[in-house]
Amino acid sequence: MARENTPCCSICRRDLLAGTGAAATGALAGCLGGSGGDEIPDDADEDFPEWDPEDPAFPQRMSTLMDHDTGRIEDIQAFEERDEPVYGDPVQETPDDEDELIDPDTLTFAMTPTEDPAAYEGMFDPLIENIEAETGRDVENNLVQNYAAQVEAMRSERLHIAGFSTGPLPFAVNLAGAVPFAIQVSEDDAGYYLWAITHMSNTEIDSVEDFAGKDGAHGAPSSNSGNLMPRAIFEDRFDVEPGEDYSVEHVGSHENLVLTIYHQDHEVAPVCSYCVTRVAERGDVDADAIKVVWQSDPIVTTGFSYRYNLPPDVQEGIERAFLEYDYSGTELAQEFGGRGLFTEIDYATHWHDVLLTHRANGVDLTDLGDI
């Protein structure tokens with residue numbers, strides 16, 4: 001259905017988009033309040049393919065994807081298999097020489113750092129109890145203050161099992177002998193997507209290749225899915241270099257990104273899938289007016305790992321405690337959005353896009369100062 005154009009102050013939009021955070025987003029929404037810009041042709045999506053989660057094809061209206069803004073276990077299993085990491089060292093193999101193994105009576109576990117460490121108290125008890133049962137070892141749940149401290153603890157063999165955040169995990173592999181084996185999921189939530197979006201009225205933009213020559217918006221410079229990852233993936237996969245092949249203005253949050261596309265201050269942008277569907281669910285944008293022209297593989301979340309030189313039977317017991325139990329009814333699942341299951345992953349395969357991003361941004365995976 002065609003939409004009427006509601007005038008709005010573009011100077012006001014530009015000033016507010018330069019800001020970040022909730023205050024800028026709220027002010028932006030209040031200033032704009034428009035309907036999404038130019039009229040959308042009635043036949044704008046007449047040739048869009050029927051949506052099939054098993055075989056996704058683009059472009060699609062964002063409204064079509066609102067119920068599909070997070071990955072599925074099946075999507076994780078369908079990643080293109082990689083034999084070696086695209087950047088940095090491969091995962092270390094268990095030593096054949098028993099003298100190189102460590103066999104602690106007490107295994108230490110540490111989840112990725114949080115601003116409120118007390119929130120983890122007791123949450124992992126069911127998991128820890130299963131690790132103890134499956135390995136025959138006591139398990140101590142430790143708290144770490146920051147990413148570098150967590151990696152250093154495993155490197156010094158004081159930490160044996162850990163949940164490393166997506167970005168720092170390659171440091172743990174390259175520096176600390178971490179062996180990633182699982183991520184936390186639910187039946188319908190296994191990571192989020194990077195989407196490439198435009199306004200539905202831009203009928204000539206149906207792919208990332210079509211971003212060339214356009215006026216683009218990116219998130220904050222430090223944003224992974226709003227800036228760093230698209231800079232790596234768009235150039236590697238589509239030969240489209242942000243900032244060179246299309247202009248880039250940093251507008252802050254993902255909410256600002258979808259708002260600037262909706263009100264047509266910019267033509268193209270990368271966004272985090274579930275971040276922008278929340279904006280539509282609030283009614284700040286009409287999801288029918290946003291076109292998604294590409295989505296990434298699911299971006300994986302915390303990678304659970306053990307140290308490579310634990311005895312093989314201990315490694316196997318740790319894996320069983322994660323992969324063969326259902327934690328859906330526990331506080332662990334409640335705290336992490338219903339994700340009460342763990343699914344097996346392969347580092348080279350499932351961290352491929354993260355490693356591309358680190359490589360493109362010159363990150364030294366052997367320097368803790370780069371975390």
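Which is crowded, with 20+ Cβ neighbours inside 10 Å and without any contact (Cβ under 8 Å) to a residue 60 or more places away in the chain, of GLY243, GLY226, GLY252? It would help to see each step written out before you state the result.
Values: GLY243 fails: crowded, with 20+ Cβ neighbours inside 10 Å; GLY252 fails: without any contact (Cβ under 8 Å) to a residue 60 or more places away in the chain.
Every option except GLY226 fails the conditions.
Of all residues in the stretch 116-155, how many are acidic (Asp, Glu), closer than 30 Å to ASP370 by Cβ and in a helix (DSSP H, G or I)?
Qualifying residue count for the region: 1.
Just give me the residues in the stretch 72-101 being among the hydrophobic types (A, V, I, L, M, F, W, C) and out of contact with any His (no Cβ under 8 Å at 6 or more places or on another chain), in sequence order.
ILE73, ALA78, VAL91, LEU101
Can you give me the number of residues within the stretch 166-212 that are more than 23 Å from ASP288 (Cβ to Cβ) and among the polar types (S, T, N, Q)?
Adding up the residues that qualify gives 4.
What number of residues within the stretch 255-266 satisfy the criterion of being surrounded by fewer than 23 Cβ atoms within 10 Å (Cβ to Cβ) and under 16 Å from PRO59 (Cα atoms)?
0
Within the bounds of the stretch 267-278, is there any residue that is farther than 20 Å from LEU65 by Cβ, assigned by TED's automatic domain parsing to the domain that holds ARG61 and not in a strand (DSSP E or B)?
no
Has the stretch 284-306 got any residue that is farther than 28 Å from GLY213 by Cβ and free of Cβ contacts under 8 Å to residues at least 24 places away in the same chain?
Scanning the stretch 284-306 turns up no residue that is farther than 28 Å from GLY213 by Cβ and free of Cβ contacts under 8 Å to residues at least 24 places away in the same chain.
Just give me the residues in the stretch 209-255 being under 10 Å from PRO270 (Cβ atoms), part of a helix (DSSP H, G or I), out of contact with any Gly (no Cβ under 6 Å at 6 or more places or on another chain) and among the small types (Gly, Ala, Ser), in sequence order.
Within the stretch 209-255, just SER225 meets the criteria.
Mind listing whichever residues of the stretch 167-200 are assigned to a strand (DSSP E or B), buried (at least 23 other Cβ atoms within 10 Å of the Cβ) and hydroxyl-bearing (Ser, Thr, Tyr)?
Correct list: THR198 only.
Just the residues that are surrounded by fewer than 17 Cβ atoms within 10 Å (Cβ to Cβ) and among the small types (Gly, Ala, Ser), please, taken from the stretch 68-84.
Matches in the stretch 68-84: ALA78 only.
If you go through the stretch 24-54, how many residues are within 26 Å of the chain's Cα centre (by Cα) and either closer than 23 Å to GLY252 by Cα or at pLDDT below 90 (or both)?
7
Tell me which helices (runs of 4 or more DSSP H) are completely within the stretch 309-371 and hold 2 or more residues being under 24 Å from GLU80 (Cα atoms) and touching a residue at least 12 places away in the same chain (Cβ under 8 Å), or say none if there are none.
312-323, 347-350, 352-360
Please specify each residue of the stretch 279-299 satisfying the condition of being in a loop (DSSP other than H, G, I, E, B) and surrounded by fewer than 24 Cβ atoms within 10 Å (Cβ to Cβ).
Listed by number, the residues that qualify are ARG282, GLY283, ASP284, ASP286, SER296, ASP297.
For the structure I just gave you, tell me whether PHE164 is in contact (Cβ under 8 Å) with a residue 12 or more places away in the chain, under 20 Å from GLY369 (Cβ atoms) and of a type in the set (Phe, Trp, Tyr).
yes
Across the stretch 85-117, what is the total count of residues that are closer than 21 Å to GLY303 by Cα and loosely packed, with under 11 Cβ neighbours inside 10 Å?
Total meeting the criteria: 3.
Can you report the number of residues in the stretch 332-360 which are surrounded by fewer than 16 Cβ atoms within 10 Å (Cβ to Cβ) and farther than 17 Å from ILE73 by Cβ?
Count: 2.
The values are calculated or read from the model by the stated rules, or taken from the named source; none is laboratory data. These numbers come from a predicted model, not from an experiment. Cβ atoms come from the backbone with ideal geometry, glycine included; neighbour counts cover every protein chain shown.
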